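Worksheet: the structure to be examined is printed underneath.
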Amino acid sequence: MDHSTHVRLLPSDLTEDVLKGATIYGPDDEKIGTVSHTHGVGAGSMVVIDVGGFLGIGSKPVSVPAADLDFMRGEEAEVHAVTSWTKDQLKDMPGHYD
């Protein structure tokens, strides 16, 4: 996927309504997780990503700073993000349970 043509989201766009359900892509455009929910609004917020599992079953929630993800809208207006983390690196992070 060529992310260079996608529109980057502004910090004011980083709300739970916009980000919930967004796909997270890692290196080589591998799908590594989905946004479950957020804590806070804007670049200083935290994003909880469900990593692994299948259809939400058996996934591990991890919390990362929104600023560490590059959120954007694609050609069909779907919100997604890219990161340099791999799925294994996210799985190795402490779980986030609230």
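Can you confirm whether Thr34 is of a type in the set (Val, Ile, Thr), touching a strand residue (DSSP E or B) at 6+ places or on another chain (Cβ under 7 Å) and in contact (Cβ under 8 Å) with a residue 12 or more places away in the chain?
The answer is yes for Thr34.
So, in the range 29-41, exactly how many residues are loosely packed, with under 14 Cβ neighbours inside 10 Å and hydroxyl-bearing (Ser, Thr, Tyr)?
Total meeting the criteria: 0.
When you scan the range 60-96, how many residues do you find that are more than 13 Å from Pro27 (Cβ to Cβ) and out of contact with any strand residue (DSSP E or B) (no Cβ under 8 Å at 6 or more places or on another chain)?
Qualifying residue count, the range 60-96: 6.
Just wondering, is there one or more residues in the range 9-28 that are surrounded by fewer than 14 Cβ atoms within 10 Å (Cβ to Cβ) and under 12 Å from Met72 (Cβ atoms)?
yes
Free of Cβ contacts under 8 Å to residues at least 12 places away in the same chain and of a type in the set (S, T, N, Q), is that true of Ser4? Reasoning before the result, please.
Numbers: free of Cβ contacts under 8 Å to residues at least 12 places away in the same chain: yes; of a type in the set (S, T, N, Q): yes.
Yes, satisfied.
For a quick check of your reading: which strands (runs of 3 or more DSSP E) sit entirely within the chain and have at least 1 residues that are among the hydroxyl-bearing types (Ser, Thr, Tyr) and at pLDDT 85 or above?
So the answer is 23-25, 31-39, 60-65.
The values are calculated or read from the model by the stated rules, or taken from the named source; none is laboratory data. Computed from a predicted structure; not experimentally measured. Counting neighbours? That spans all protein chains shown, and the Cβs are built from the backbone with ideal geometry, glycine included.
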